[in-house]
Structures are given as C-alpha cells and as structure tokens.
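Throughout, read-outs are computed from the coordinates displayed, never taken from laboratory work. Please read these numbers as outputs of a predicted model, since none were measured by experiment. When we count neighbours, we look across all protein chains shown, and the Cβ atoms used for this are built from the backbone with ideal geometry, even at glycine.
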Amino acid sequence: MSGSPPPGTGPTVLVSGGSSGLGAAVVTAVARAGGRPLVLDRQRPGDAVPWVECDLADTRAAEAATRELAERAGGLDAVVTAAGMDVPGKLADVPARTWERIVAVDLLATAAVIRAALPYLTASRGNVVTVASTLGVKAVGDATAYCAAKFGVVGFTRALAAELAGAVGVTLLIPGGMRTAFFDERDAQYRPGPDAALNEPADTAAAIMFALSQPPGCAVRELVVCAERETSYP
C-alpha cells in the first residue's frame, strides 16, 4: 500500500529562506519524503518546522544560526540555500545600502551558511544545493546587484564542487522565474505580466529532491529548471 514515508526516516535538510517561495516548497517536499526540514528565515515557517529567526544579510548571524539548528537536530544531511531577494532598478537609482543587501543575502549568505554547515555535512557525507538563477548565466539591464550575486553563486558553487569532490555532494540549481511572492513588491514595470511563463515552485523543489536523492559518489552537478518558454534562458 503506497503512502508517505514515516516522518524522520528521510534526511535532515536545512533550508535558508524556507518560509516562503521556493524555500517553503522545499520544506514541504522534504517533510513529505519523511525528512526533517529546518529553516533559517526572518519569518516563521508553517507546520511547526524547527527554525531560527535570522536576517541573512548579517552573515555572522547566519553562521551562528546554522550551527544552532545543526546542533539542535544532531547533525545535517543537506543544505539548500533558497533565500534570495531583488530590487530591480538602474545602478544609479538603487540605493547603495539596498544594492549591497541584495548581494549579501543572495551570495554572501549562501557562502556563510554552507561554511558553517560543512563540518556536519562532511560527517554525514551530505549534500548542498545552491540556488542561482537564469540571471546567473544571462545578464539583463536594471539588475546589476542580482546578476552580480547570482553570477557569483554560479562561480562559487562550481569552485565548491571541485573543492569538496569526494566529501560532500554539491549541486548548482539554475531556476527560471516561479509563481511566488518574489515579484510582489516590485514596481509594476518589473513584474511579470499575466501571460508570463513561470514555473510552479513545487516542480522546482522536486528537482532539488532528485539531486538530494543521489547516492554518495553520484553527483548532479548542475540543473536548469524553468518554464519551456522562459525568456531569460538560454
């Protein structure tokens, strides 16, 4: 008789940005697979998921929160760095503090969380999935901070995969646009139109779960997951 695996039989997965959007979809997918999701976010996740409140732009706080959750859980099997933000606009128009916060949340926090998680992932022969973007491989105007950060995630992850080969699995996810609240606070000119080709976050989360399900020694190095008519890829 089919059904969901018993809770706690799957991996313990820390998800940054796990309270909304793609991160929340990953949390749901991990729980449905019988795993234990843990969340770093400024907002409380649903369903009594263990979490630590954290502003990921503060990278030292992100490291401390990662260690706290890992110790609480007795270790980690995987990390998914799904936290991200963007405020589109011309370089001269985006306030410097905002521009730098985008890079901090999208790139520097990715490295900080993984850095803090490495001892636990090495012990478990675990996995990392970083979340870049199709704008990490294709640059567009009015997105200098986001492109800088996501191009950085691509380079960081490729270097990390080489560094950790044989010790920790590393996968780079390059997603296209998704139907999430990511676009809600943008100026109208930067929001997807009603006919925009967007993916469901649950479908992208399923790709992440595929990467996490690979046995030690089998590496899914990179995944591009987007709607068939995604305009920012290739």
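Please list, short to long, the whole-number percent of alpha-carbon pairs of the range 116-201 in consecutive 5 angstrom bins beginning at zero.
3, 13, 18, 20, 16, 12, 9, 6, 3, 0
Ordered by packing density, taken as the mean number of other Cβ atoms within 10 Å over each peptide's residues, highest first, how do 10-20, 72-82 rank?
My ranking of the peptides, most packed first, is 10-20, 72-82.
Work out how much length A188 to V224 would gain on full extension: take 0.36 nm times their residue separation and subtract the Cα-Cα distance, in nm to one decimal.
Full-extension gain reported as 10.3 nm.
Sorting check: for 208-217, 37-46, 24-33, 88-97, which peptide has the highest mean count of neighbouring beta carbons within 10 Å, and how do the rest follow?
Taking the mean over residues of other Cβ atoms within 10 Å, the ranking is 24-33, 37-46, 208-217, 88-97.
How fast does the range 12-225 diffuse by Stokes-Einstein, in µm²/s, taking the Kirkwood radius from C-alpha pairs at 20 °C and 1.002 mPa s?
Numbers: Rh = 17.1 Å.
In µm²/s, the coefficient rounds to 125.
Can you give the charge dipole size of the range 12-225 about its Cα centre, rounded to the nearest 20 debye, using +1 on the beta carbon of Lys and Arg and -1 on the beta carbon of Asp and Glu?
It works out to roughly 380 debye.
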